[in-house]
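Below is one structure, written out as structure tokens; comments come after it.
Nothing in this text is a laboratory measurement; each read-out follows from the coordinates by a stated rule. Please read these numbers as outputs of a predicted model, since none were measured by experiment.
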Amino acid sequence: MAPKLQAGDFKNRARFEARAVGDDGYGNPVSGDWEEKFKVWVALRPGGLSEAVVAARLEGTQVLNVYVRASTQTRQITSEWRMIVADHGVDREYAINAQPDGLTMPGFIYFQAKSGVAA
């Protein structure tokens, strides 16, 4: 069951970025640098931690359950984007795991974001 959200839950400011699409000079699209699309207030809920052994090193990741208010901007978010959350002056980067879901709760969009992985 989806949690009940209140105005006080949206206390983190997040920046959403997508890769710019450029041209390689031969008419082929290539992905460029990250460019900011918009900033919105988000509600973040812990989604758990996981550890994986990659190249003989233990790497930890943090999963967040993210809720944003549904709008024309937030409906554009895809799994190819990334989310940057400024927390006490430190920018934390999160990859968006899957296509955001706007059907779970009317008026809100839900998705999971993961830190420690390539965005």
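Backbone amide hydrogens, once placed in the peptide plane, bring Gly47 within less than 5 Å of Val63, Leu64, Asn65, excluding anything fewer than 5 places away on its chain. Within the same chain, lysines fewer than 8 places from Lys37 are excluded, and of the rest, those with a Cα less than 26 Å from its Cα are Lys11, Lys114. The 3J(HN,Hα) values that the Karplus relation (6.51, -1.76, 1.60; θ = phi - 60°) gives for region 78-91 are, in residue order, 10, 6, 8, 8, 9, 10, 10, 10, 8, 10, 6, x, 10, 7 Hz. Gly and Pro appear as x. Extension gain for Asp23-Arg75 works out to 16.1 nm (0.36 nm per residue, less the C-alpha to C-alpha distance).
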